[in-house]
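See below for the structure under consideration.
The values are calculated or read from the model by the stated rules, or taken from the named source; none is laboratory data. Predicted model, so just to flag it, every value in this text is computed and none were measured. Virtual Cβ from ideal backbone geometry, glycine too; neighbours counted across all protein chains shown.
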Amino acid sequence: MIPELINALAERLNHAGFIQQTYGLALLYKTNQSQEPVVFENGEPLHVDFDNYKSLAFFVLNGPITQTQRDSDISCGVFIAKRVPLRLFFYAAESTKQNCLPVDEDALADIIATLVFQQDKDLCAQFGLAAISMAAIAMELRPDAAWAQVFGNKPLALTGTQQLLSADFDLLFEGDPACWIVPCGANLNTEDLNTITNENNQNLNS
């Protein structure tokens, strides 16, 4: 269900209209001494396409998914609360000044404003949750540092006009797992995601 939740956040950014392409959950696969962001379409791995978009964004897990359990206030079952640490990367092919700030930094601020919320009834109804929230934690406005977050030791390949920034979020949701609505085709659980994230050592270039 977590990849589908992240896809719903990506759709929110797509509908906002200030990013040309927003991917959902990407995985950072190690390739020799560096790493590459990879997304999946119909089960097939695809490299994030930086060449054909003037702006794009994608999410990665930024640490292990954790959960706590408590007795439910509204049923005889239990509530599970999950914390999903996310990092969103935002790429812009051009950076120009507007109102004394780079446009890409303005866009990152718009992205954060679009994603941060205290409760979302539509997402709760869509996924059968009791509560869901999204909080911004930090930003990285240095393109070279954001590049290292994505690509590891791969030499910096951004030109003078290209920008890569990142923002960290905590996605929090809770509810009775018996009520959660898992979309058709969703087959990755928390353990799967943590395993994939921690053991993404395959070389997709081989």
Just give me the residues in the range 38-68 being charged (D, E, K, R) and closer than 17 Å to Ala10 by Cβ, in sequence order.
-> Glu41, Asp49
Within the set of pairs 6+ apart or on separate chains, which have a first residue in the range 53-72 that is under 16 Å from Gln149 (Cα atoms) and of a type outside the set (A, V, I, L, M), a second that is surrounded by fewer than 19 Cβ atoms within 10 Å (Cβ to Cβ) and at pLDDT 95 or above, and C-beta atoms under 8 Å apart?
-> Asn62/Pro85; Asn62/Asp168; Gly63/Pro85
Odd one out for Gln149 among (1) at pLDDT 90 or above; (2) farther than 18 Å from Val38 by Cα; (3) among the polar types (S, T, N, Q); (4) under 18 Å from the mean Cα position of the chain (by Cα) = (2)
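Right, Asn42: surrounded by fewer than 19 Cβ atoms within 10 Å (Cβ to Cβ), touching a strand residue (DSSP E or B) at 6+ places or on another chain (Cβ under 8 Å) and either at pLDDT 95 or above or not β-branched (Val, Ile, Thr) (or both) or not?
No: the conditions fail for Asn42.
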Determine which single condition Glu199 fails, assuming it passes every other condition in (1) at pLDDT below 50; (2) under 22 Å from Leu9 (Cβ atoms); (3) not polar (S, T, N, Q).
-> (2)
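Please indicate, with yes or no, whether at least one residue in the range 173-194 is of a type outside the set (S, T, N, Q), assigned to a strand (DSSP E or B), closer than 22 Å to Leu108 by Cβ and at pLDDT 85 or above. Before the answer, list the steps.
Initial filter on the range 173-194 (of a type outside the set (S, T, N, Q)): 173-186, 188, 191-193.
When the remaining residues are screened for being assigned to a strand (DSSP E or B), the result is 173-175.
From what is left, the residues that are closer than 22 Å to Leu108 by Cβ are none.
Looking through the range 173-194, none of the residues is of a type outside the set (S, T, N, Q), assigned to a strand (DSSP E or B), closer than 22 Å to Leu108 by Cβ and at pLDDT 85 or above.
Identify the residue in the range 72-98 that is of a type in the set (A, V, I, L, M) and outside any strand (DSSP E or B) and, among all such residues, is modelled with the lowest pLDDT. Lay out the reasoning, then the answer.
Let us first name the residues in the range 72-98 that are of a type in the set (A, V, I, L, M), namely 74, 78, 80-81, 84, 86, 88, 92-93.
Then drop every residue that is not outside any strand (DSSP E or B), which leaves 74, 93.
On the way: Ile74: 62, Ala93: 86.
Only one residue fits best here, namely Ile74.
Taking the range 115-146, which residues are closer than 21 Å to Gln33 by Cβ and of a type in the set (Gly, Ala, Ser)? Walk me through how you get there before you give the answer.
As a first pass, look at the range 115-146 and keep what is closer than 21 Å to Gln33 by Cβ: 143-146.
Answer for the range 115-146, where residues must be closer than 21 Å to Gln33 by Cβ and of a type in the set (Gly, Ala, Ser): Ala145, Ala146.
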Mind telling me which of the residues Val48, Val38 ends up being without any contact (Cβ under 8 Å) to a residue 60 or more places away in the chain and among the β-branched types (Val, Ile, Thr)?
-> Val48
Is at least one residue of the range 29-48 under 16 Å from the mean Cα position of the chain (by Cα), over 28 Å from Gly175 (Cα atoms) and not in a strand (DSSP E or B)?
-> yes
Within the range 154-182, how many residues are farther than 30 Å from Gln69 by Cβ and surrounded by 13 or more Cβ atoms within 10 Å (Cβ to Cβ)?
-> 7
